[in-house]
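Structure first, commentary second.
Every read-out reported here was derived from the displayed coordinates using simple, explicitly stated rules and does not represent laboratory data. The shown structure was predicted, so the numbers you read here are calculated from the model rather than taken from an experiment. We place every Cβ from the backbone using ideal geometry, glycine too, and count neighbours over all the protein chains shown.
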Amino acid sequence: MLNQLQLLKRPRRNRKSEAVRALVQETHLTSKDFIAPFFLTEGKNIRAPITSLPGQFHLSRDTLHQEIDELLNLGINSLIFFPLINPKYKDATGSYATSEENHLLKTIRTIKESYPELCLFADVALDPFTSHGHDGLLSNSGEVLNDVTLPILAQMSVLYAEAGVDVIAPSDMMDGRVKFIREALDENRHHSVSIMSYSAKYASSFYGPFRDALKSAPSKGNKKSYQMNPANSQEAILEALLDEEEGADFLMVKPASLYLDIIHKIKEATLLPVAAYHVSGEYAMLKAASQNKWLDFDQALYESLISIKRAGADIIISYGAKEIAQIIKNS
C-alpha cells in the first residue's frame with residue numbers, strides 16, 4: 001500500500017474532473033470575440049476555393065449572403081472585407097481604390113442594407129489596388145512615399161464610411177495616417193465611424209497565403225521600410241501609443257500567435273481594446289498539418305486562439321472564425 005504524502009497544496013484537485021476544470025477556467029472564447037475576414041470578387045455566383053487557404057473562398061456579392069447567415073446563426077456579427085481586384089483596374093497610384101465603381105464599395109452598401117445589425121470593418125491600404133503591390137505611392141527610385149499617400153487613405157476611408165462601414169482599419173503602416181483619417185472622417189460628419197489601427201504590423205513571412213488570395217505581393221522589393229522588424233517590441237508600444245494619441249479606437253497586433261508578448265505589452269500600456277490578427281500563414285499551417293494527420297485541427301485552432309485571448313486580445317480576426325464558433329457551440 002502506497003503511503004500518502006501530507007501535502008497541503010495539491011493543484012491537481014482543481015483539475016480532477018471536467019466540471020471542476022470548467023469552474024476554474026480563467027480564459028474563455030465566445031463567438032463575440034471574433035471578426036470573420038472575407039475575400040470579395042466581382043461577378044455572380046462565385047465561390048472559388050483559395051488553394052493556399054483551405055476552407056476559404058473568393059466570394060461574389062450574392063454568395064456572401066449565405067456565409068453571413070451562417071455566421072449570424074453562430075453568433076458572429078463582425079466582418080472585415082478584402083477585395084480581389086482585376087489587374088485591368090490596377091495602376092501605379094491605385095486609383096480604383098477611390099473610384100465609385102469599386103466593387104468593394106458596392107458590396108458594402110448591399111450588405112449594410114441587408115444586414116444593418118452587422119459591424120462592418122474595411123481594410124484601408126493601397127496594395128490590393130496598385131500595380132506594384134505596395135501600400136503607398138512610389139517615387140521614381142522605388143521609395144514608398146509616406147505623406148503623399150495619406151490623402152488617398154483618407155479619401156478611401158470617407159468613401160467606405162459613406163458606404164456603411166462601421167470601423168475603418170488602416171493596415172498600410174504609414175506614419176500619421178490615423179490622425180489624417182480621423183480628421184477626414186470628422187470633417188465629413190462621420191464622427192461615429194471608428195478606427196481600428198493596425199498599430200503593430202510586422203514584416204512577417206506569414207502573409208503569403210493572403211497575398212496569394214489577393215494577388216497583392218510586391219512586384220519589387222519588400223515592405224520592411226514600413227512594416228515592423230519582428231525583432232522589436234518597444235517599437236510596437238511606441239506605434240500603438242502614437243495611434244492612440246492620433247485618435248484610434250482599437251489597436252491591433254499582426255500576426256497574433258507568434259507575437260503574444262506584443263499583445264500582452266500593448267494591453268498593459270493602453271486602456272483601449274486590443275485586437276489581434278490570426279493571419280493567413282498561421283491558419284494555413286494548422287490546415288496543412290491537419291490534412292497530413294499530424295494534429296487535430298479543431299483542438300489546435302482552439303488552443304491557438306485561446307492563447308491569443310489569454311495574452312490580452314479583446315478581439316481576434318481569424319480565418320477560423322466560423323470553425324471556432326462551431327466548436328464553441330458544440331462544446
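What's the extension gain from Lys106 to Gln66 if we count 0.36 nm per residue and subtract their Cα-Cα distance?
12.7 nm
Rg and Dmax in Å for segment 87-162, alpha carbons only: what are they?
13.6, 46
For Ser233 and Asn86 in the same chain, what is the full-extension length gain: residue separation times 0.36 nm, less their Cα-Cα distance, in nm?
49.2 nm
Provide, in order from the shortest bin, the percent of all Cα-Cα pairs of segment 24-81 in each 10 Å bin, continuing until the bin that contains the maximum pair distance.
Whole-percent P(r) values from 0 Å outward: 21, 45, 24, 8, 2.
How many times 2.2 N^0.38 Å is the alpha carbon radius of gyration of segment 163-202?
Here the answer is 1.16, to two decimals.
Starting from 0.36 nm per residue, how many nanometres of slack lie between Gln4 and Arg189 once their C-alpha separation is accounted for?
Value of the extension gain: 59.4 nm.
Convert each backbone phi in segment 54-68 into a coupling constant with the Karplus relation 6.51 cos²θ - 1.76 cosθ + 1.60 (shift: θ = phi - 60°), then list the ³J(HN,Hα) values in order as whole Hz, x for Gly and Pro.
Per residue, the Karplus-derived 3J(HN,Hα) values read x, x, 10, 9, 7, 10, 8, 4, 6, 6, 5, 4, 4, 5, 5 Hz.
Enumerate by residue number the chymotrypsin sites (Phe, Trp or Tyr not before Pro) in segment 265-315 meeting two conditions: DSSP loop (anything except H, G, I, E, B), and at most 13 other Cβ atoms within 10 Å of the site's Cβ.
Trp294
Evaluate the Debye formula for segment 286-327 with equal point scatterers sitting on the alpha carbons, no solvent, and hand back log10 of I(q)/I(0) at q = 0.21 Å⁻¹, in q order, two decimals.
-0.67
So for the chain, what are the equivalent ellipsoid semi-axes in whole Å, largest first, each being the square root of 5 times an eigenvalue of the Cα gyration tensor?
Sorted largest first and rounded, they come to 36, 23, 20 Å.
Taking only Cα atoms of segment 101-143, what ratio of Rg to Rh do you get with Rh as the Kirkwood inverse-distance radius?
1.18
Work out from phi, with θ = phi - 60° and the Karplus expression 6.51 cos²θ - 1.76 cosθ + 1.60, the ³J(HN,Hα) of each residue of segment 204-211, listed in order in whole Hz, and give x for Gly and Pro.
Per-residue couplings from phi come out as 9, 7, 9, 9, x, x, 4, 5 Hz.
Determine, at each q value in 0.20, 0.24, 0.25 (inverse angstroms), the log₁₀ of I(q)/I(0) that the Debye formula gives when each Cα of segment 44-115 is one equal point scatterer.
-0.99, -1.25, -1.29
Quick one: what Rg and Dmax do you get for segment 170-289 from the alpha carbons, in Å?
Values for segment 170-289 (Cα only, Rg and Dmax): 14.9, 49 Å.
Dividing the convex hull volume of the alpha carbon atoms of segment 176-238 by its residue count, what do you get in Å³ per residue?
Working: hull volume 8.4 nm³, N = 63.
Roughly 134 Å³ of hull volume per residue.
Residue-wise, which Karplus ³J(HN,Hα) couplings in Hz belong to segment 90-105, taking 6.51 cos²θ - 1.76 cosθ + 1.60, θ = phi - 60°, and x for glycine or proline?
8, 8, 5, 9, x, 4, 5, 4, 10, 8, 5, 7, 3, 5, 5, 4
Could you work out the mean projected area of the convex hull around the alpha carbons of segment 209-248, in square nanometres to one decimal?
Mean projected area for segment 209-248: 4.2 nm², to one decimal.
Within a Cβ distance under 12 Å of Asn188, other residues only, what is the Lys/Arg minus Asp/Glu net charge? Write down the numbers at each step before the final one.
On the way: positive: Arg182, Arg189; negative: Glu162, Glu183, Asp186, Glu187.
Net local charge, Asn188 excluded: -2.
Please compute the volume of the convex hull spanned by the alpha-carbon atoms of segment 254-331 and report it per residue in Å³.
Once divided by residue count, the hull of segment 254-331 is 85 Å³.
Hey, what's the per residue convex hull volume over the C-alpha atoms of segment 8-158, in cubic angstrom?
206 Å³
What does segment 108-219 give for Rg and for Dmax, in Å, if only its C-alpha atoms count?
14.6, 46
Under a no-solvent Debye model with one identical scatterer per Cα of segment 1-53, what's log10 I(q)/I(0) at q = 0.22, 0.26 Å⁻¹?
Log10 I(q)/I(0), no solvent term: -0.99, -1.11.
Restrict the search to segment 59-148; then list the GluC sites (Glu not before Pro) that DSSP places in a loop and that have at most 10 other Cβ atoms within 10 Å of their Cβ. Each step should come with its number before you reach the end.
Numbers: sites: Glu67, Glu70, Glu100, Glu101, Glu113, Glu117, Glu143; in loops: Glu100, Glu101, Glu117, Glu143.
Sites meeting the loop and neighbour criteria: Glu100, Glu101, Glu117.
In square nanometres, what is the average projected area of the Cα convex hull of segment 225-292?
Working: hull surface 21.7 nm².
Value for segment 225-292: 5.4 nm².
Under a Cβ-Cβ cut-off of 13 Å, what is the net charge of the residues other than Arg15 that fall near it, where Lys and Arg count +1 and Asp and Glu count -1?
Here the charged neighbours net out to +3.
Count charges around Met174 for me, please; just the other residues with Cβ under 9 Å from its Cβ, Lys/Arg as +1, Asp/Glu as -1.
With Lys, Arg at +1 and Asp, Glu at -1, the neighbours total -3.
How would you order 40-48, 246-254, 132-140 from highest to lowest mean count of nearby Cβ atoms within 10 Å?
Taking the mean over residues of other Cβ atoms within 10 Å, the ranking is 246-254, 132-140, 40-48.
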